[in-house]
1. Please state which one of GLY80, GLY114, GLY73 is out of contact with any Pro (no Cβ under 8 Å at 6 or more places or on another chain) and within 17 Å of PHE158 (Cα to Cα).
2. Does PHE404 fit the bill of being part of a helix (DSSP H, G or I) and open to solvent by 10 Å² or more (accessible area, probe 1.4 Å)?
3. Suppose we filter region 62-95 for residues that are among the aliphatic types (A, V, I, L, M) and closer than 16 Å to LEU50 by Cβ; how many remain?
4. Any residue at all in region 165-173 that's modelled with pLDDT under 90, assigned to a loop (DSSP other than H, G, I, E, B) and either open to solvent by 60 Å² or more (accessible area, probe 1.4 Å) or over 18 Å from LEU132 (Cα atoms) (or both)?
5. Do we have any residue at all in region 605-621 that's open to solvent by 50 Å² or more (accessible area, probe 1.4 Å), within 32 Å of the chain's Cα centre (by Cα), of a type in the set (Val, Ile, Thr) and at pLDDT below 90?
6. If you scan region 213-228, which residues turn out to be part of a loop (DSSP other than H, G, I, E, B) and surrounded by 14 or more Cβ atoms within 10 Å (Cβ to Cβ)?
7. Yes or no: region 282-304 includes at least one residue that is in a helix (DSSP H, G or I) and within 10 Å of the chain's Cα centre (by Cα).
8. Against the definition (touching a residue at least 24 places away in the same chain (Cβ under 8 Å), of a type in the set (Val, Ile, Thr) and surrounded by 24 or more Cβ atoms within 10 Å (Cβ to Cβ)), how does VAL148 come out, yes or no?
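The values are calculated or read from the model by the stated rules, or taken from the named source; none is laboratory data. A quick note: this is a predicted structure, and the numbers were derived from the prediction, not measured. Cβ coordinates were reconstructed from backbone atoms using ideal geometry, including for glycine residues, and neighbour counts include every protein chain displayed. Heavy atoms of the whole protein, side chains included, go into the accessibility calculation; ligands, DNA and RNA do not. Shrake-Rupley method; radii C 1.70, N 1.55, O 1.52, S 1.80 Å.
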Amino acid sequence: MSNMKSLYLLVPLAPLLGAIAAGLFGKALGRAWSHRVTILSVAISFFASLAIFQDVLAGHNFNGIVYQWMTSGNTSFEVGFLIDRLTVVMMLVVTFVSLMVHIYTIGYMADDPGYQRFFSYISLFTFSMLMLVMANNFMQLFFGWEAVGLVSYLLIGFWYTRDTAIYANLKAFLVNRVGDFGFLLGIGLVLMVFGSLDYATVFANAHSHAKDIAPIPCVSWNMMSAICILLFIGAMGKSAQFPLHVWLPDSMEGPTPISALIHAATMVTAGIFMVARMSPLFELSDTALSFVMVVGAITALFMGFLGIVQNDIKRVIAYSTLSQLGYMTVALGASAYSVAIFHLMTHAFFKALLFLGAGSVIIAMHHDQDIRNMGGLRKYMPITWITSLIGSLALIGTPFFSGFYSKDSIIEAVGLSHLPGSGFAYFAVVAGVFVTAFYSFRMYFLVFHGEERFGKGHHDHQGDHADEEVSADHHHGLAHGQKPHETPWVVWLPLVLLAIPSVVIGFITIEPLLFGNFFQEAIHIGAEHEGMKELASEFHGATAMALHALTSLPLWLALAGVISSWFFYMKRPDIPAAIKRTFSGIYTLLDQKYYFDRFNDWFFAGGARGTSRFLWNFGDVKLIDGLMVNGSARLVGLFSGVLRRIQTGYIYHYAFSMIIGVFVLLSIRNWFE
């Protein structure tokens, strides 16, 4: 066991050492050795995770303290690890995707002056994420939670000379602070109720507090509902759920490798993992589960609509990520925690593949990200084309691809739920299938098929954003007569390695992960929530599930979405322009992202500025400077002016004043007697 403890420590510490080496000694190491050290450290972490996975499969779980940081009263704050099947799945996903991103970064960031700094940041992020998923207590969970937020801030604003990048990382930081405030309140309630931050202690005593009333003024809320909703507010920020979703699309201002690492595979799934880990608490509150389900349903459907009108290749994928996170959240609300983790895993592979594929296209297009300036790239970039097609097919839920098994399982699980809001959630996830297929293949067709539009300037062939001012930071483009070409092997190799699990991982793992009691010890489902049992009774193997889907509504909706996008953007590009003109109000609503950004800028940012101006004008200028500082000076000056008139220098004036003073004192004495 001592050897295994060393292995547990090696998993997070190896990326940390790589980050320190590249960050502090990057100039001395040089570019080549900086990426070698960090890639080696993440590779060590990945292979150590594989060894731990084998050990856990053999039945050797671990829950123990590594280091006691501080004791305050009766409460201990510790660094500890909980190694079970839920943990090792997350460890493998985080380390594998991180390894692919590290390799890919060699090609993508080859000419960037911040090369060593970038490798340091992504290794530090890997360490932070591993500390989060390996935690056995709320204190360490919160440390990892905030650390990934901090490194995300650094990575989104990596190109800190761009105003858009600075705006984006501040936006991400501030929106996440809103969610984290609720998260911290939830952890505070846990400590108040249970007197401990240790998972095992809290989960073991959860039932005894299931009927408690939360100490919240003016309301009578169930304690478990309050704790779970507050914890989920943290997940809403980190996993970009409505209405705290606004930061994620703007975070595409960072380099593409971090879009794959942070905003597809790891950081944004931290909230999903956290809720699954807290299943013993959430199962005690149907109110919290309904809240989770409805929020996820809104995100899944309405964020998908926004992907339809995007023209930046990375933003299309970003809104796809928002929608898929909504699917995972809906599964959590339906008590299908294992299905949510299953979709988290499959989504990590095909969404990282799509982001890295988009980065490969961006390199070939000389950093032009506008899909209206692309087209016909299939013959120039065959590897990027086929891997992007695989990622798109997995995303829309094509039978036998990994995304099909997880996405279809979510739809079935929600259909079996009887919680309030499950009807709306089922409609949202089914309708979202068509929307996902439509915007995914709209991007695919415009990038890889049809007319070659690169090197010709901007064309509004589909009628979207005709008057948009294209940012020079993002859209450089090919010169006239230039042709794109396939990217170097360090860029396309990770695409191939991610494409393999995007195809096969769902088929291979669905039976053990969902119906083989794989998560039995890590995830708790209440007896009254029977959805997963019913799902298991209907499952007759991965092949049978795929064949049965051939007659199901979701598959036909996905096919309709693909055909519609092909017809609109390949055969009749005039139709989208006509739709835009006819439904200009709806188009403007989508183009303005439901006006959430404008509302936030006006109400929250503008309100904060207005409050600051009021406090400055009234509090500082009038109250402090005007009344207290200058007012006291004027009062002293007035009093001094009076005293100056009394101090005449004549003795008879002073004698008269003394006589008046004695008279007043005697009068007061006689009055009181």
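1. Numbers: GLY80 fails: within 17 Å of PHE158 (Cα to Cα); GLY73 fails: within 17 Å of PHE158 (Cα to Cα).
The unique qualifying residue is GLY114.
2. On the way: part of a helix (DSSP H, G or I): yes; open to solvent by 10 Å² or more (accessible area, probe 1.4 Å): no.
Against the criterion (part of a helix (DSSP H, G or I) and open to solvent by 10 Å² or more (accessible area, probe 1.4 Å)), PHE404 does not qualify.
3. First, the residues of region 62-95 that are among the aliphatic types (A, V, I, L, M): 65-66, 70, 79, 82-83, 86, 88-94.
Add one more test, that the residue is closer than 16 Å to LEU50 by Cβ, and what stays is 83, 88-94.
Summing the residues that are among the aliphatic types (A, V, I, L, M) and closer than 16 Å to LEU50 by Cβ in region 62-95 gives 8.
4. Taking every residue of region 165-173 in turn, none turns out to be modelled with pLDDT under 90, assigned to a loop (DSSP other than H, G, I, E, B) and either open to solvent by 60 Å² or more (accessible area, probe 1.4 Å) or over 18 Å from LEU132 (Cα atoms) (or both).
5. Filtering region 605-621 for residues open to solvent by 50 Å² or more (accessible area, probe 1.4 Å) gives 608-609, 611-618, 620-621.
Filter once more, keeping what is within 32 Å of the chain's Cα centre (by Cα): 608-609, 611-612.
Subset that is of a type in the set (Val, Ile, Thr): 611.
Those still in the list that are at pLDDT below 90 too: 611.
There is at least one residue in region 605-621 that is open to solvent by 50 Å² or more (accessible area, probe 1.4 Å), within 32 Å of the chain's Cα centre (by Cα), of a type in the set (Val, Ile, Thr) and at pLDDT below 90.
6. Within region 213-228, the subset part of a loop (DSSP other than H, G, I, E, B) is 214-221.
Scanning region 213-228 gives ALA214, TRP221.
7. Narrowing region 282-304 to residues in a helix (DSSP H, G or I): 282, 286-304.
Those still in the list that are within 10 Å of the chain's Cα centre (by Cα) too: none.
No, there is no match, as no residue in region 282-304 is in a helix (DSSP H, G or I) and within 10 Å of the chain's Cα centre (by Cα).
8. On the way: touching a residue at least 24 places away in the same chain (Cβ under 8 Å): yes; of a type in the set (Val, Ile, Thr): yes; surrounded by 24 or more Cβ atoms within 10 Å (Cβ to Cβ): yes.
So VAL148 passes the test.
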